[in-house]
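Report on the structure given below.
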Amino acid sequence: MASHGIKDRVAIVGMGCTPFREHWDKGVDDLALEASQEAFAAAGVTKDDVDAYWLGTAQSGMSGITLARALQLQGKPVTRVENYCATGSEALRQASYAVASGAYDVAMAVGVEKVKDSGYQGLNAFPIPNDGTTRTLTAAGSFSMVAPAYAEKYGVPMEQLKRTLARIASKNHHNGARNPRAQFRREMSVEQICAMPNVAGDLSVFDCAGVADGSAAAIVVRAEGAHRYTDTPIYVKALSFVAGNGSGLVDPGYDYTWFPEIAACAADAYAQAGIDDPASRIAMAEVHDCFTPTELVLMEDLQFSERGHAWEDIEAGRFDLGGDLPVNPDGGLKSFGHPVGASGLRMMFEAWLQLRGEAPEDRRISSIAGDRNLALTHNLGGYPGEMVSFISILGAELG
Amino acid sequence: MRGIISYGTYLPHRRLDRSTIAAVAGTGGGKGTRTVASYDEDTTTMAVEAARRTLRPTPARPDALWFSTVAPAYVDKANATAVHAALLLPTEAIAADLGGSVRSGIAALRLALGGSGTQLVVSADIRTGLPGSADEAAGGDAAAALLVGDDGDAPVIAELVGAGSATDEFLDRWRTPGDDRSKQWEEKFGETRYVPVALAALAAALADAGIDADRVDALVVAGLHGRACKAVAKRSGVDGAKVVDDLAATVGNPGAAQPGLLLASALDTAAPGQVIVLLTLSDGADALVFRTTDAIASFEPALSVAEQAAAGAPLPYGKFLAWRGHLTPEPPRRPEPARPSASAAARSEDWKYGFVGAKDRATGAIHLPPSRVSMEGGAVDDMEPIPMADVAGTIATYTIDKLVYSPSPPVVFAIVDFDGGGRAPIELTDVDPAAVRIGDRVEMTFRRLFTSDGIHNYFWKARPVAAPAKEA
């Protein structure tokens, strides 16, 4: 038993990403088509050149037919996947393994979510018949429970922690303001964010990711032939996934100040990529900032900060756009909103732009230097105590 | 010897200050407070709480459960079965409703006292009326339970020594099924009918017991006709000082639950060898004469009526109206919850109704909800059931969710770690959101989470521990 990974065996050769918006005038078909066409164009292929497709959508359509019909694919294998909010990443993971196995030469992952047709704000999970005893809480409520637990454990005064959380949101808004694909493009100061009323625990709406419709897509091929499609392929160094057993909701040993699924996922991802010291190799990260306490804790789970010290690194600006390790240079979920099936691929799209030097100048990172030339994307689904975690590590160089 | 083996009562946490009514309703109100069942309570959940407290001080277990209310959560479907499930009573124990009229409460008690075996008699009521009405102010919400049986499994603390009844058909108070208020004929008419039948029932019961009225140590007069109750007490021949306080100033009149509640109140302070008379006025009158035994000296009720009456927290009149369906505030703009699945609920009956988890026999790890596979060590189907409803816990972390759907936002939610092991993410109730802290102590309470498609979704919540644990 081992997690061997597929380091440098497949490469992304084309990507597309729609603007993330409240697309009142676009449906699932429109969004998937737009992201796919951009990816086809980037790789210089047609839909017929792609041998197999993976569609990631949490609840905007069932079966591969959702994509086959939208793109009018003829006789292609199309698989719909769902893995909570890591659905888009899961589509890329399956497509990558299919190519690495030799089963197909060219595979495509398309993530899409049409959230804004529900008539409600926020994300609303598809109800599965149950005994009525499962907890009813918004995602904001669930993640907000991390803040008092963290403050208590590490002796950080709640007022200080609130400021740190606001700084995370402010940083992501700063980055998103420089991204035309982002939904929210207004900078927000720490003071403005701190002045907002709480909606769940100590979180205000500005501690929460928005909700948007959107789609993103990636085309993957074997690494050795990647240059036939583009001069600057992005190589997959690691794809790690952990599905928790939900024990955090049951086991008093879990203290709500970290996410064990993510710590395990990170260890596996670094091992797959052959990374001993993440700080010396990772030049940027796109992480799942669904709520500000999530990003706080992720800095520790991803080994970017020591336990109990992420809040200090955040305050020191280490994860800012111009910092040592920019986190969410595209603005993150905070600025983009969260079309569930698309978000994981949207993160990779930013890595694709930054690693290829294609990000616009006003949000281009300057942290890539020497061996520190890798990008990490982290995508989670579920809730503290009960989550799935995905991590990819990507790089523009082989080896 | 047959009589009462144990008893327990439940007063909901919230209190309506009657002086706040008139400012909104334009009329009505008065002095003092009344108890108010929470938005997540109904007569079934309150019955569960009173019944749990009744079984706590005694090892005796009933082989019959009779549940009486005039505000049933369901008709067609029995409500007593949910109480039976929450108490984890064996399948062989019968559980049924005796409902419809206020008189059903005392009738259930008479039947149990006249029957055999150990029988649990539970009554619960939620009383209200139109805004500003006398019934709205005078009513109260409560539940009471009495465990009736023979000296055997457990000692009788109050023996039945006499009984008398007088039945009379006349129209004093009535309600058509579906109406949310009752109506009353001119009060004086009812009084002319109630007083003579009540005195007759009392006389018959005292004669049955061979006791004179002046030997009565405590007289409970219960009934929704307040004026008649007072007149009967006055003319009963029992010294006015021995008439048990009807709790009108703090609790209000909880209808079908009033006889049980006031009898419990009398038992709370009774010494051995005392004579307690329960006289109820409802469509006639019924009188029961009890004599306390030596066993009452060592009987410790889970929580006395006086302790509960003195506790509680205020509820604004607007919330009272909303909770009783007389005011409809804007709900959160979130989807309403889906109805629970009958088959899924049946599969997890002990968990859903009894809060029974599973304990890994090898590692001791407690699983809430029960799991077939252990989270520690991975053993399969090697668990034993572990009832957790009476285990207190501590808040590990918490939140106040103003976004999520609730019949009465916001939702206060906590991760609760139970004493001796086990954790559950659980909603809090009867709590001031601003006062919740990590480390707070909580206990479990049976509640109605929501109603969807007419299905009441019952499960457990946690509330701040009602009273400090008594020193052993």
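Stretched out straight at 0.36 nm per residue, the stretch from A:ALA41 to A:ASP277 would grow longer than its current Cα-Cα span by 81.3 nm.
Other protein chain C-beta atoms within 10 Å of residue C-beta, averaged over B:371-378: 2. Note on region B:2-323: antiparallel DSSP beta bridges, both residues inside, total approximately 65 percent of the bridges counted. Among residues other than B:ALA60 with Cβ under 11 Å from its Cβ, the summed charge is -3 (Lys and Arg +1, Asp and Glu -1). Model label points for B:ALA248 and A:GLU361, set 7 angstrom from Cα along the Cα-to-Cβ axis, are 8.6 nm apart. A crude spin-label estimate for the pair B:VAL465 and A:ARG69, with each label 7 Å from Cα along the Cβ direction, gives 5.9 nm. Counted by Cβ distance under 9 Å from A:SER389, the other residues give a net charge of -2, where Lys and Arg count +1 and Asp and Glu count -1.
Each Cα pair under 8 Å and six or more residues apart adds its sequence gap; the mean of these over the residue count of chain A is a relative contact order of 26 percent. Summing +1 for each Lys or Arg and -1 for each Asp or Glu among the other residues whose beta-carbon sits under 11 angstrom from that of A:GLY253 gives -3. For chain A, set up a Gaussian network in which alpha carbons nearer than 10 Å are linked by springs, and say which option among A:SER89, A:SER215, A:SER305 fluctuates the most. Of A:SER89, A:SER215, A:SER305, the Gaussian network model singles out A:SER305 as fluctuating most.
The sum of -39500 (n - 2.57) across all DSSP H runs of n ≥ 4, divided by the residue count of chain B, sets its helix-only mean residue ellipticity at 222 nm to -6500 deg cm²/dmol.
Model label sites at B:ASP419 and B:ALA203, defined 7 Å from Cα along the beta-carbon direction, differ in position by 5.4 nm. For A:LEU203, no residue has an amide H sitting under 5 Å from its own, ignoring neighbours fewer than 5 places away on the same chain, with H placed 1.01 Å from N. By DSSP, the beta bridges lying fully in the protein assembly as shown are antiparallel in about 75 percent of cases. On a 0 to 90 degree scale, rounded to 10, what angle separates helix B:43-55 from the longest Cα axis of chain B? Tilt relative to chain B: about 90 degrees. With chain A treated as a Gaussian network of Cα nodes joined by springs under 10 Å, which of A:GLY44, A:GLY132, A:GLY75 yields the largest mean-square fluctuation? In the Gaussian network model the winner is A:GLY132.
For the pair A:ASN373 and A:ARG186, the difference between a 0.36 nm per residue extended length and the Cα-Cα distance amounts to 64.4 nm. Legend: distances between Cα atoms for A:LYS26/A:LYS116; B:LYS188/B:LYS242; A:LYS114/A:LYS237; A:LYS26/A:LYS334; B:LYS77/B:LYS319; pairs beyond 20 Å are B:LYS188/B:LYS242; A:LYS114/A:LYS237; A:LYS26/A:LYS334; B:LYS77/B:LYS319. Rounded to the nearest 20, the Cβ-based charge dipole of chain A about its Cα centre (Lys and Arg +1, Asp and Glu -1) stands at 600 debye.
If both residues of a DSSP beta bridge must be in chain A, then about 75% of such bridges are antiparallel.
Computed from point charges on the beta carbon alone (+1 for Lys and Arg, -1 for Asp and Glu), the dipole magnitude for region B:342-464 about its Cα centre is near 260 Debye. In percent, rounded to a whole number, the relative contact order of chain B is 17, using alpha-carbon pairs under 8 Å and six or more apart. In this structure, B:THR167 and B:THR363 have a Cβ-Cβ separation that, at R0 = 45 Å, corresponds to a calculated FRET efficiency of about 0.15. Take each residue of peptide A:244-251, count the partner chain Cβ atoms within 10 Å of its Cβ, and average: the result is 5. Roughly speaking, what is the stretch gain from A:HIS227 to A:ASP324, that is 0.36 nm per residue apart minus the C-alpha to C-alpha distance, in nm to one decimal? Net length gain for the segment: 31.9 nm. Could you tell me the calculated FRET efficiency between A:ALA125 and B:SER19, based on Cβ-Cβ distance and R0 = 35 angstrom, to the nearest 0.05? After rounding to 0.05, the efficiency reads 0.20. With respect to chain A, whose longest principal axis is taken over its alpha-carbon atoms, helix A:87-100 is tilted by about 40°. Taking a straight line from the alpha carbon of B:LYS31, not one of the lysines sits under 16 Å away once near neighbours fewer than eight places off in the same chain are left out. The residue list A:GLY201, A:PHE349, B:ALA271 was ranked by how far each Cα lies along the charge dipole of the protein assembly as shown toward its positive end, using unit charges on Cβ atoms, and A:GLY201 comes out on top. Distance from the Cα centroid of region B:105-183 to that of region A:93-150 is 52 Å (rounded to whole angstrom). Placing a label point 7 Å from the Cα of A:ASP48 along the Cα-to-Cβ direction, the residues of region A:67-85 whose backbone N falls under 11 Å of that point are A:74.
Any read-out appearing in this document is the output of simple, stated calculations on the displayed coordinates, not a laboratory observation. Since the structure is predicted, the reported quantities are computational estimates derived from the model, not experimental observations. FYI the Cβ positions are ideal-geometry reconstructions off the backbone, even for glycines, and counts take in every protein chain you see.
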